[in-house]
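> Sharing a structure with you now.
The values are calculated or read from the model by the stated rules, or taken from the named source; none is laboratory data. Remember, predicted model here, so these are calculated numbers, not experimental data. Cβ coordinates were reconstructed from backbone atoms using ideal geometry, including for glycine residues, and neighbour counts include every protein chain displayed. These accessible areas exclude ligands, DNA and RNA; they are computed on the full protein's heavy atoms, side chains included. Shrake-Rupley method; radii C 1.70, N 1.55, O 1.52, S 1.80 Å.
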Amino acid sequence: QVQLVESGGGSVQAGGSLTLSCAASGYTQGDRYCMGWFRQAPGKEREGVASLYIGGGGTAYADSVKGRFSISQDNAKKTLDLQMNSLKPEDTAMYYCAADSWGGKTCPRLRQTEYNYWGQGTQVTVSS
């Protein structure tokens, strides 16, 4: 099965930048996948941040990060990256990488219930 491992989290000051990476394994090269980045802060529900359709190229972003975050696929490194700029304290959360086979379903998508594979998360902390 597909396995995902996130990296790149850390602590930064407001206005700073971080790049998160999601390394995937156990997948079938060439297959279409719907990929997503989610985050969950203490006491809050997990929310979709960004999504990308591998095989289609479409992207989607939550309104709260639009214009600041960018999701992309690095074919050379075989990773899914999330470039986060102009970070705000409210961006503080555990960030998770998610994946699902396309299967004719709509992608990009930001609903956590529509993804089957999840990484363990990487913490992002933004201080004021």
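> Under the Karplus relation 6.51 cos²θ - 1.76 cosθ + 1.60, θ = phi - 60°, what is the ordered set of whole-Hz ³J(HN,Hα) values for region 19-34, x standing for Gly and Pro?
Karplus-based 3J(HN,Hα) across region 19-34 equals 10, 9, 10, 10, 8, 10, 8, x, 9, 8, 4, x, 6, 8, 9, 9 Hz.
> OK, next. At a Cα cut-off below 25 Å, give the lysines reachable from Lys88, other chains included and same-chain residues fewer than 8 away excluded.
Leaving aside lysines fewer than 8 places away in the same chain, those within reach of Lys88 are Lys44, Lys66.
> GluC sites (Glu not before Pro), restricted to region 43-128: which are DSSP loop and have at most 14 other Cβ atoms within 10 Å?
The qualifying sites are Glu45.
> Continuing with this model, one more query. Find the relative contact order for region 7-128 and round it to a whole percent, using C-alpha pairs within less than 8 Å whose residues are 6+ positions apart.
Reported relative contact order: 36 percent.
> Still on this structure: Eigenvalues of the Cα gyration tensor times 5, then square-rooted: what semi-axes does that give for region 10-89, in whole angstrom, largest first?
Value: 24, 14, 12 Å, ordered largest first.
> Counting only heavy atoms of protein chains, what accessible area per residue, in Å², does the chain have with a probe of 1.4 Å?
52 Å²
> Where in region 61-92 does the label zone of Ala14 land, with the point 7 angstrom along Cα→C-beta and an amide N cut-off under 16 Å?
Zone members listed by number: 85-92.
> Residues with beta-carbon under 12 Å from that of Tyr96, excluding Tyr96: net charge, scoring Lys, Arg +1 and Asp, Glu -1?
Value of the local net charge: 0.
> Give, as a single signed number, the net charge of other residues whose beta carbon lies under 14 Å from the beta carbon of Ser51, with Lys and Arg counted +1 and Asp and Glu -1.
Local charge sum for Ser51: +2.
> Let me check I've understood the local charge: for Ala23, count other residues with C-beta under 14 angstrom from its C-beta, Lys and Arg +1, Asp and Glu -1. What total comes out?
Residues close to Ala23 contribute a combined charge of -1.
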